[in-house]
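The block underneath contains the structure these notes are about, expressed in structure tokens.
The values are calculated or read from the model by the stated rules, or taken from the named source; none is laboratory data. Everything numeric in this text was worked out from a predicted model, so none of it was measured. Ideal geometry is used to build each Cβ from the backbone, glycine not excepted, and the neighbour counts take in all protein chains shown. In case anyone asks, the SASA skips ligands and DNA or RNA and just uses the protein heavy atoms, side chains included. Shrake-Rupley method; radii C 1.70, N 1.55, O 1.52, S 1.80 Å.
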Amino acid sequence: MPSSPITALLLSLATPLGAAAELSCWVIEVADGDSFACLTADHRLERIRLQAIDAPENGQPFGQHARQNLATLLLERPVTVRWEQHDRDGRILGSVWVSPPDCPACGHTLDAGAAQLAAGMAWWLGEQAPQTEQERERYRFEAHEARARRTGLWQDAEPLPPWEWRGP
């Protein structure tokens with residue numbers, strides 16, 4: 001039996017390595033181009049970060065565009081989050097699936113992270129990202145195509161990645 005409420009909370013959030021969990025929730029807030037807050041059916045607030053991408057920060061060039069693009073995809077809509085771990089800020093880190101805006105009856109078939117890459121609203125984190133090989137190939141393709149088309153942030157000659165913009 002857990003010895004404290006904090007221990008109980010940590011145990012309830014823990015997911016064994018390699019055992020993916022799935023969460024369904026309603027998006028209530030989009031913080032930036034790669035993170036949001038949602039409510040579960042039992043009214044728990046969850047903070048989610050899209051895995052494998054890094055979007056410009058809100059104060060950075062294209063930051064507000066990235067946030068708005070993600071809001072268009074997710075805000076006030078149900079989503080499915082597939083995840084295995086939390087990030088260093090305690091947010092669930094996972095792939096986020098939603099019905100495409102032009103096909104609400106299609107079910108949760110649109111990967112929001114891949115959509116952000118395709119719109120040129122984020123950087124793919126590359127081979128170190130926690131993804132399957134199939135996901136890596138899709139993300140690699142979307143990132144390459146957006147850059148080749150000079151879509152979104154790739155309109156800038158030398159866009160500054162958010163990890164450099166944030167500094168050490």
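Could you point to the label whose value was computed as P(r) over Cα pairs in 10 Å bins from 0, in percent for the structure here, given (i) 10, 38, 35, 13, 3, 0; (ii) 9, 26, 24, 17, 11, 7, 4, 2, 1, 0; (iii) 12, 45, 33, 9, 1?
Only one option fits the structure, namely (i).
Only four residue types carry charge here, +1 at the Cβ of Lys and Arg and -1 at the Cβ of Asp and Glu. Report the dipole size of the chain about the Cα centre in Debye, rounded to the nearest 20.
Rounded to the nearest 20 debye, it is 100 debye.
Which value, in Å², gives the accessible area per residue of the chain when a 1.4 Å probe is used on the protein heavy atoms?
55 Å²
Under the rule of -39500 (n - 2.57) per DSSP H run of 4 or more residues, summed and divided by the residues of the chain, what mean residue ellipticity at 222 nm is obtained, to the nearest 500 deg cm²/dmol?
It lands at -8500 deg cm²/dmol.
Just Phe62, Phe141, Phe36 to compare: in a GNM of the chain, with alpha carbon springs under 10 Å, which one fluctuates most?
The residue that fluctuates most here is Phe141.
Based on DSSP loop calls and a cut-off of at most 12 other Cβ atoms within 10 Å, the longest stretch of the chain free of exposed trypsin sites (Lys or Arg not before Pro) is what?
With trypsin sites (Lys or Arg not before Pro) excluded where exposed in loops, the chain gives 89-149 as its longest stretch.
Can you figure out the FRET efficiency of Ala105 with Arg82, using R₀ = 30 Å and their beta-carbon distance, to the nearest 0.05?
E(calc), rounded to 0.05, equals 0.90.
Multiplying the sequence separation of Thr72 and Ala20 by 0.36 nm and subtracting their Cα-Cα distance, what value in nm do you get?
Residue separation times 0.36 nm, minus the Cα-Cα distance, leaves 16.0 nm.
Determine the share of the chain's accessible area contributed by carbon and sulfur atoms, expressed in whole percent, with a 1.4 angstrom probe.
57 percent
What's the FRET efficiency of Asp156 with Thr132 using the Cβ-Cβ distance as r and R₀ = 35 Å, to the nearest 0.05?
Using R0 = 35 Å, I get an efficiency of 0.70.
For the chain, calculate the relative contact order in percent as a whole number, restricting contacts to Cα pairs under 8 Å that are 6 or more residues apart.
20 percent
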